[in-house]
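> Let me give you the structure first, and then I'll get to my questions.
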Amino acid sequence: MTSFGPVAAATAAPIRLAMQRLWLTGSVLAAGARLVVQHVFRSDEDHPVEVIYAFMLPRDAALRAFRITGEGFEAHSELRPTEEAVKAYEKGIAEGSLSTLARQYGDGVVNLTVGNLRPRETVTVYLEILAGVELRDDGFRFRFPFTLAPAYHQRMRAAVVDGEGEWELPADEFGDVMLPRFRKDASELHEVGFDLSMVHTLPLEEVGSSSHAVKVKYDGTEPARVALAPAKDVPNRDLVLDVKFKQSRAQVLAGPVEDGKRDFAVVAPSTVFGRNPEEARRVVILLDRSGSMAGEPILQAKKAIEASLAALSDEDSFGLMAFDDSAEAMHAALVPATREQRELARAFLKQTNARGGTELAKAAAEAAKMLAGSGDIIVLTDGQVAGTEKILQLARSSGVRISCLGIGSASQDRFLALLARETGGVGRFVTAAERVDLAAVDLFASIGSPVASGLSAGANVQPAAPHAVFAGVPVLLFGEDAGEGIGLNWTGGSVHFDVPEGDAATGEAVRLLRGARMITDWESRYPSEEALAPLEKRQQSRVAGRLLELSKQYRLASREMSLVAVIKRTGDRGGELPEVRVVPVGMPQGTPFHAYFHGPASVVACSAFEAQAPLMSRRRVGAARPEIRNGASMPDTPAYMRMMVTKQPAPGADGNDDLVELAAMLEADGGMPGNTPGIRAARSAAAVFAFVQAGHTLTAGAFRLHLIRLAGYLRSLTAGSAEEKRMIETALAAASSGSAPVGGWVALSGAAGTGWREIEAAMR
Amino acid sequence: MGDHMTLTELSEASACPARTIRFYIARGILDGPNKAGRDAAYGQEHLARLERIKGLQDEGYTLAAIRGALDPAPLIAPVATPVSAWWQHEIAPDVMVWVRGEMSPWRTKQVRAAIEEFAGRVRVPEGEQPKERKK
């Protein structure tokens, strides 16, 4: 008999996978994505099985419906209150019917359960999901989880079983959620892939992925199509797609819904609102040093902090804290950003190693105390924590703005996006394969002083507009228009957007995206213990009531409403007990397996018990950088299909390592160091050219804040010859225009002896 | 409740969702029903076992460890992987504690806290020698 089933690469023995395939399709818009995820389940066992696939929702996401197909049948899900849906599912299981339930739990974890799958039967579930995107002034990042990350919880239980990592959370807080087992090697698990349409109103500059090899089809008129380049991939990391537009301007997506009204979504870049005012910054940087950050993430995060601190001036003040199970601060209070303090910070970072758990809420509360009501917290974390609703509750009550730089290849994007938004901060999420330090410098440049505050929008905008706008981060607004357009006001300014006619598909998509966003917001206010209370008690909960309303209004699932389908087939035999199979996933790329799960030790050691004994010392194990980075530039006209598979540049190969080091050298007055005023000025001018040559200006690029400080220093200089002043003017003009003379500026600015003579020679 | 509970009745009596009960059966932590098919029935022993499982979970046991602990002839060892290194902690002149190497950070934290507490309890006051058993 010929079999086309999967086989183990090493042994050629057949692999019994309960889920064979997960394929992502759908459309991605500037305001969010409307996705259909195909799950193919097949049983190779001799008895009925119940397959559970657990996954994490992307940011601002909600389930809409599913369609299930098999031999001779097709059925659609019903949206029902969760208790009813579970009862209907269990009744179907007891009667031997094929039953499917999509139910959401805390932290945005979903269990898709297909019960009574018969021997040798194949069924396919097409699950529709609405999801948000991470917006940037010149484009957006779309992220979809193909695996989920194990997450720290005080009462979690973890073990290695049959060579796989098993992770359990307490039922009194997380209910009956089923979590997958983690495999170090995902190559023999189900196949994953994607084929997505990028629907855009602005011309595309570039579409790329830092996670997967992609092929892009774009003819300049139809929506671009982005698909996985190889035939299939493995479930051990998120899909990350970056879309960059050729221009940065406001986009209004709209379409008719009912009663002559139109639903809309506005994406307004921060440049609509103005530029950062120069105000003194008060900032506390929180570095996650939990075990899961071991290896490259923590090294890069440390470098990022050093470079970010260099963007501070004497008037600014900062605090630095590392946290795992407990928080350890460099100082008990904020300190001025002098050179000495930055040196102390460098020494503090040097002795910081990854270990322990992730008690983020505790650390944020400590940081909030240091800020005493005014300033920003920046958290560099992988966000791998469970019970996020509680953390969000504590963060909201601290009253301090928290900005997040998330690091990791599997998604905690939903939590970190919420943490930033709910506290009025800014969020960025990068993969471990990307430059964490550059992203941190960029994030640091965005926060501090908002470009606009006191933002308010008309009554037709819902949810409410954010209070403040930060450089580089657009404002996203949803609402319903009856012909009046969209009015936005802020302290010192206002703007009006007309709503275009649009089409019904866009109108429906933005309406659903608005619903998903509102459900996500409310779910983040729903502590697990309250969500698990009996129905009678929950009915009195404001959050439960609102979630029910929203689910019914938008026809979207939430923790209060689930999707269920029961299909009666000929030959159903009641009373048979299906055997449960939980679909395993791959350990997220870059997350050390041993950070969560016990494993064979390779070091033999004996020591007396010490408080800081090497019990906690950890090494990075098998944390590999993905080997591929892909992208395709968008031509203006001819249709083409292009596939690019390029190597991720090694650290330093792109020159950004040097820039990070250069950035970390800035003195508190904004200039470069040097033994004489002349050398300082010359090296500062060379540093300006170095940043500009790499594409950064006073208003764009991750190092814009460093350029602003260098320019400020150069402007403050009064001494010097006419020739030196001319070179300073050239450097200042370069910082504004983005055009620098070609030269080895990084080396020149970094060299201790560089003077005006060397600068002049290089400019020639 | 008697010895002929349906899965739904067992679920209600134990406050354990039916899907979780099926999962425990599949994992070998809980025996299957006493009869098969439409007459499938669960008894008091199932209820008692579910309560025991819950109790052990509250104490921090994983399902793998519970299976080992509850089964007189465990199919898998409580420690799933071979141990090749141990940390040795001399917490008093007469007490030595051994801890498996390369544990997860969270487990390490838990064990360290327990050792600290234990070390406090068995500490020998300064200047005193541990008492030896009289021969």
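The values are calculated or read from the model by the stated rules, or taken from the named source; none is laboratory data. Note that the structure is predicted; figures quoted are calculated from it, not measured. Quick reminder, even Gly has a Cβ in these numbers, built from the backbone with ideal geometry, and neighbours come from all protein chains shown.
Let's see how each residue does on (1) crowded, with 24+ Cβ neighbours inside 10 Å; (2) touching a helix residue (DSSP H, G or I) at 6+ places or on another chain (Cβ under 8 Å):
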{"position": "A:383", "(1), (2)": "yes, yes"}
{"position": "A:404", "(1), (2)": "yes, yes"}
{"position": "A:408", "(1), (2)": "yes, yes"}
{"position": "A:416", "(1), (2)": "yes, no"}
{"position": "A:425", "(1), (2)": "yes, yes"}
{"position": "A:440", "(1), (2)": "yes, yes"}
{"position": "A:456", "(1), (2)": "no, no"}
{"position": "A:466", "(1), (2)": "no, yes"}
{"position": "A:478", "(1), (2)": "no, yes"}
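> Can you find, within the range B:36-61, the residue that is farthest from residue A:174 (Cα to Cα) among those that are free of Cβ contacts under 8 Å to residues at least 12 places away in the same chain and either more than 9 Å from chain A (Cβ to nearest Cβ) or surrounded by 14 or more Cβ atoms within 10 Å (Cβ to Cβ) (or both)?
Result: B:48.
> Return yes when residue A:289 is of a type in the set (D, E, K, R) and out of contact with any helix residue (DSSP H, G or I) (no Cβ under 8 Å at 6 or more places or on another chain) and no when it is not.
no
> Just checking: which of the helices (runs of 4 or more DSSP H) contained wholly in the range A:329-445 hold 3 or more residues that are farther than 28 Å from residue A:518 by Cα?
A:339-350, A:360-371
> Shifting gears a bit: Are there strands (runs of 3 or more DSSP E) fully within the range A:459-569 with at least 1 residues that are over 25 Å from residue A:104 (Cα atoms), out of contact with any Cys (no Cβ under 8 Å at 6 or more places or on another chain) and aromatic (Phe, Trp, Tyr)? List them.
Passing ranges, in order: A:486-490, A:493-497.
> Looking at B:113, B:69 in this structure, which one is out of contact with any Pro (no Cβ under 8 Å at 6 or more places or on another chain), closer than 30 Å to residue B:27 by Cβ and at pLDDT 65 or above? I'd like the intermediate steps shown before the answer.
On the way: B:69 fails: out of contact with any Pro (no Cβ under 8 Å at 6 or more places or on another chain).
Checking each option against the conditions leaves just B:113.
> Still on this structure: Restricting attention to the range A:273-311, report how many residues are surrounded by fewer than 20 Cβ atoms within 10 Å (Cβ to Cβ) and more than 21 Å from residue A:376 (Cα to Cα).
Going through the range A:273-311 one residue at a time, the tally reaches 2.
> If you go through the range A:190-203 one residue at a time, how many are out of contact with any strand residue (DSSP E or B) (no Cβ under 6 Å at 6 or more places or on another chain) and either crowded, with 18+ Cβ neighbours inside 10 Å or at pLDDT 95 or above (or both)?
1
> With the condition kept exactly as written, say whether any residue in the range A:171-186 is under 23 Å from the mean Cα position of the chain (by Cα), more than 14 Å from every other protein chain (Cβ to nearest Cβ), modelled with pLDDT of 90 or more and buried (at least 23 other Cβ atoms within 10 Å of the Cβ).
The answer is no, given that none of the residues of the range A:171-186 is under 23 Å from the mean Cα position of the chain (by Cα), more than 14 Å from every other protein chain (Cβ to nearest Cβ), modelled with pLDDT of 90 or more and buried (at least 23 other Cβ atoms within 10 Å of the Cβ).
> Going by the structure shown, is residue A:467 of a type outside the set (A, V, I, L, M, F, W, C) and either within 11 Å of residue A:264 (Cα to Cα) or in contact with a Ser or Thr (Cβ under 9 Å, 6 or more places away or on another chain) (or both)?
Taking the combined requirement at face value, the residue satisfies it.
> Out of all the residues in the range A:318-368, which are free of Cβ contacts under 8 Å to residues at least 40 places away in the same chain, under 21 Å from residue A:388 (Cα atoms) and out of contact with any strand residue (DSSP E or B) (no Cβ under 8 Å at 6 or more places or on another chain)?
Correct list: A:325, A:326, A:361, A:365.
> Taking the range A:98-108 only, how many residues are surrounded by fewer than 23 Cβ atoms within 10 Å (Cβ to Cβ) and either without any contact (Cβ under 8 Å) to a residue 40 or more places away in the chain or over 15 Å from residue A:86 (Cβ atoms) (or both)?
Narrowing the range A:98-108 to residues surrounded by fewer than 23 Cβ atoms within 10 Å (Cβ to Cβ): A:105.
Pick out the ones that are also either without any contact (Cβ under 8 Å) to a residue 40 or more places away in the chain or over 15 Å from residue A:86 (Cβ atoms) (or both) and you get none.
Result for the range A:98-108: 0.
> Another question, if that's okay. Could you check residue A:207 against (1) buried (at least 24 other Cβ atoms within 10 Å of the Cβ); (2) modelled with pLDDT of 90 or more; (3) within 14 Å of chain B (Cβ to nearest Cβ) and say which number it fails?
Here residue A:207 meets the rest and fails (3).
> A follow-up question, please. Which of the residues belonging to the range A:446-458 are in a loop (DSSP other than H, G, I, E, B) and polar (S, T, N, Q)?
Within the range A:446-458, just A:449 meets the criteria.
> On to the next question. For the range A:545-561, state whether one or more residues are more than 14 Å from chain B (Cβ to nearest Cβ), at pLDDT 80 or above and over 33 Å from the mean Cα position of the chain (by Cα).
No: the range A:545-561 contains no residue that is more than 14 Å from chain B (Cβ to nearest Cβ), at pLDDT 80 or above and over 33 Å from the mean Cα position of the chain (by Cα).
> So, of the residues in the range A:158-170 that are of a type in the set (Gly, Ala, Ser) and touching a residue at least 60 places away in the same chain (Cβ under 8 Å), which turns out to be farthest from the other protein chains (Cβ to nearest Cβ)?
Kept after step one, since they are of a type in the set (Gly, Ala, Ser), are these residues of the range A:158-170: A:158-159, A:163, A:165.
Narrowing the set further to residues that are touching a residue at least 60 places away in the same chain (Cβ under 8 Å) leaves A:158-159, A:165.
Numbers: A:158: 6, A:159: 4, A:165: 9 Å.
For the range A:158-170, the residue satisfying everything is A:165.
> Could you list, ordered by first residue, the pairs with Cβ atoms under 7 Å in which the first is in the range A:172-183 and closer than 27 Å to residue A:534 by Cα and without any contact (Cβ under 8 Å) to a residue 40 or more places away in the chain and the second is in a helix (DSSP H, G or I) and of a type in the set (S, T, N, Q), at least 6 apart or interchain?
Final answer for the pair search is A:176/B:20.
> Another question about this same structure. For the range A:118-134, state whether one or more residues are among the basic types (Lys, Arg), surrounded by fewer than 24 Cβ atoms within 10 Å (Cβ to Cβ), out of contact with any helix residue (DSSP H, G or I) (no Cβ under 8 Å at 6 or more places or on another chain) and within 30 Å of residue A:268 (Cα to Cα).
To start, the set of residues in the range A:118-134 that are among the basic types (Lys, Arg) comprises A:118, A:120.
Narrowing further to those that are surrounded by fewer than 24 Cβ atoms within 10 Å (Cβ to Cβ): A:118, A:120.
Filter once more, so that each one left must be out of contact with any helix residue (DSSP H, G or I) (no Cβ under 8 Å at 6 or more places or on another chain): A:118, A:120.
Now drop any that are not within 30 Å of residue A:268 (Cα to Cα), which leaves none.
Within the range A:118-134, none of the residues are among the basic types (Lys, Arg), surrounded by fewer than 24 Cβ atoms within 10 Å (Cβ to Cβ), out of contact with any helix residue (DSSP H, G or I) (no Cβ under 8 Å at 6 or more places or on another chain) and within 30 Å of residue A:268 (Cα to Cα).
> Please determine, by comparing only the residues of the range B:72-106 that are modelled with pLDDT under 75, surrounded by fewer than 18 Cβ atoms within 10 Å (Cβ to Cβ) and out of contact with any strand residue (DSSP E or B) (no Cβ under 8 Å at 6 or more places or on another chain), which one is farthest from the other protein chains (Cβ to nearest Cβ).
B:72
This table checks each residue for (1) farther than 21 Å from residue A:96 by Cα; (2) under 19 Å from the mean Cα position of the chain (by Cα); (3) facing chain A (nearest Cβ under 8 Å); (4) in a loop (DSSP other than H, G, I, E, B).
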{"residue": "B:13", "(1), (2), (3), (4)": "yes, no, no, no"}
{"residue": "B:19", "(1), (2), (3), (4)": "no, no, yes, no"}
{"residue": "B:22", "(1), (2), (3), (4)": "no, no, yes, no"}
{"residue": "B:25", "(1), (2), (3), (4)": "no, yes, yes, no"}
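> Could you tell me which of the residues A:534, A:527 is free of Cβ contacts under 8 Å to residues at least 12 places away in the same chain and more than 25 Å from residue A:477 (Cα to Cα)? Break it down into steps so the answer makes sense when it comes.
Working: A:527 fails: free of Cβ contacts under 8 Å to residues at least 12 places away in the same chain.
On inspection, the qualifying residue turns out to be A:534.
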